[in-house]
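Structure first, commentary second.
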Amino acid sequence: MVETLPEGHPVKVYYEESALIQDLLLELNEANPAEDFQKYFNIFNQLTTIEKRFVRKENQLFPYLEKHGWEGPSQGMWSFHDNLREQIKILNTYNSEKNIAKIQDNIPYLTQGIERLLMIEDSRLFPNSMELITEEEWKEFYIGDEEIGWMLLEKPKPYPAITKEEAYIHPSEDTAERELTFSLENTFHYDEGYMTPEQVNLLLRFLPIDITYVDENDKVIFYNRGDDRVFSRSKGIIGREVRFCHPPKSVDMVLRIVDEFRAGTKDVAEFWFNFKGQIIHIRYFAIRDNNKKYKGVIEMSQDITDIQKLEGEKRLLDWD
């Protein structure tokens, strides 16, 4: 079946990756970290690019299967991915320590888990995908797959093949209509997805970060109205020149940031300091359109006091 698929078809690409993974597993099993750690480490790192395959499946393949009523992969196989991610994380810890004994003990868990995953893909996931997903839907995969990336050394050819008359469309400019599970009434199309003005407003309001947008003419055109803003804002700043929105002692620094962003010599500036018992992190980002033309500055301020106190890990919900 796979041999008959056209070049670049998403399933054919998955099988090309499968062949690469099998080769890497064989090399990894033959590598001896005690004798040549660097050789082992290089093979291991190449194998960990399997993360791109996981993400493509989770964000590209699984959603299409869900549209056709098959939710199994989104649940069972995603958990399988997470187990393998945990194995990779554990091995990365032992790699950093060059703990050869622990590496040798744990490598089989990773390689055997990947081999089992490939078997499930081959026997169930891809055959069922070919039955459920339509040809028109397969043609929608390439742009999203390209954003995430592949394990292969060479980028797969687009599917369907692009003719000379067809221009390449960047994902941010892709406005092709697709069958969706929600209404598009009163929505606008953004780079990725659709939202109503109300949803956009709610999103910005509930972001735990202060945002202020200064346009290319140095005028404040937007700020979000969160309940816990770090710095107070009012409607009076809308339309105001940015140089009048900062205290005199800092205005020269702000203007330099704007000038450097406009000139294209810098793209990011950040600061952090204590303010009323809080640790505040402020970042400025240059905004540019697809042609790299300067379109303004976004200032983002965040109280990171509690974030800085975080230690270890928290993976479980503690509501009960």
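The values are calculated or read from the model by the stated rules, or taken from the named source; none is laboratory data. Being a predicted model, the structure only gives us computed values, none of them experimental. Here the Cβ positions follow ideal geometry from the backbone for every residue, glycine too, while neighbour counts run over all protein chains shown. For the accessible areas, the whole protein counts, side chains as well, though only heavy atoms, and no ligand, DNA or RNA atoms are used. Shrake-Rupley method; radii C 1.70, N 1.55, O 1.52, S 1.80 Å.
Could you grab the pairs with beta carbons closer than 8 Å, sequence gap of 6+ or different chains, first residue in the stretch 294-313 and on the phi < 0 side of the Ramachandran plot, second one open to solvent by 80 Å² or more (accessible area, probe 1.4 Å) and not acidic (D, E)?
Sorted first by the residue in the stretch 294-313, then by its partner, the pairs are Y294/R262; Q302/P208; I304/W272.
Has the stretch 251-273 got at least one residue that is out of contact with any strand residue (DSSP E or B) (no Cβ under 6 Å at 6 or more places or on another chain), in a loop (DSSP other than H, G, I, E, B) and basic (K, R)?
yes
Counting only residues that are among the acidic types (D, E) and within 24 Å of K293 (Cα to Cα), which one in the stretch 183-221 is least open to solvent (accessible area, probe 1.4 Å)?
Restricting attention to the stretch 183-221, the residues satisfying the condition of being among the acidic types (D, E) are 185, 191-192, 198, 210, 215-216, 218.
Those left that are additionally within 24 Å of K293 (Cα to Cα): 191-192, 215-216, 218.
Values: D191: 92, E192: 126, D215: 23, E216: 67, D218: 39 Å².
Only one residue tops the list, namely D215.
Which condition number in (1) touching a Phe, Trp or Tyr at 6+ places or on another chain (Cβ under 9 Å); (2) farther than 19 Å from E66 by Cβ is the one that L153 fails?
Every condition holds for L153 apart from (1).
Taking the condition of being farther than 21 Å from N32 by Cβ and surrounded by 15 or more Cβ atoms within 10 Å (Cβ to Cβ), how many residues in the stretch 79-112 meet it?
Going through the stretch 79-112 one residue at a time, the tally reaches 3.
Can you go through E177, E192 and tell me which one is modelled with pLDDT under 80 and either in contact with a helix residue (DSSP H, G or I) (Cβ under 8 Å, 6 or more places away or on another chain) or among the aliphatic types (A, V, I, L, M) (or both)?
Numbers: E177 fails: either in contact with a helix residue (DSSP H, G or I) (Cβ under 8 Å, 6 or more places away or on another chain) or among the aliphatic types (A, V, I, L, M) (or both).
Being modelled with pLDDT under 80 and either in contact with a helix residue (DSSP H, G or I) (Cβ under 8 Å, 6 or more places away or on another chain) or among the aliphatic types (A, V, I, L, M) (or both) holds for just one of E177, E192, which is E192.
It is to be established whether one or more residues within the stretch 283-292 are at positive phi and either of a type outside the set (D, E, K, R) or without any contact (Cβ under 8 Å) to a residue 12 or more places away in the chain (or both). If you could, list the steps in order and put the result at the bottom.
The first filter runs over the stretch 283-292 and keeps only residues at positive phi, leaving 292.
Next, only the ones that are either of a type outside the set (D, E, K, R) or without any contact (Cβ under 8 Å) to a residue 12 or more places away in the chain (or both) stay: none.
Looking through the stretch 283-292, none of the residues is at positive phi and either of a type outside the set (D, E, K, R) or without any contact (Cβ under 8 Å) to a residue 12 or more places away in the chain (or both).
State whether one or more residues within the stretch 121-143 are farther than 18 Å from W70 by Cα, aliphatic (A, V, I, L, M) and either surrounded by 20 or more Cβ atoms within 10 Å (Cβ to Cβ) or touching a residue at least 12 places away in the same chain (Cβ under 8 Å) (or both).
Yes: the stretch 121-143 contains one or more residues that are farther than 18 Å from W70 by Cα, aliphatic (A, V, I, L, M) and either surrounded by 20 or more Cβ atoms within 10 Å (Cβ to Cβ) or touching a residue at least 12 places away in the same chain (Cβ under 8 Å) (or both).
For the stretch 181-213, what are the residues that are part of a loop (DSSP other than H, G, I, E, B) and either touching a residue at least 40 places away in the same chain (Cβ under 8 Å) or basic (K, R) (or both)?
T181, P208, I209 - these are the residues of the stretch 181-213 that are part of a loop (DSSP other than H, G, I, E, B) and either touching a residue at least 40 places away in the same chain (Cβ under 8 Å) or basic (K, R) (or both).
I'm told S74 meets every condition in (1) open to solvent by 60 Å² or more (accessible area, probe 1.4 Å); (2) farther than 30 Å from F37 by Cα except one. Can you identify the failing condition by its number?
The number of the failed condition is (1).
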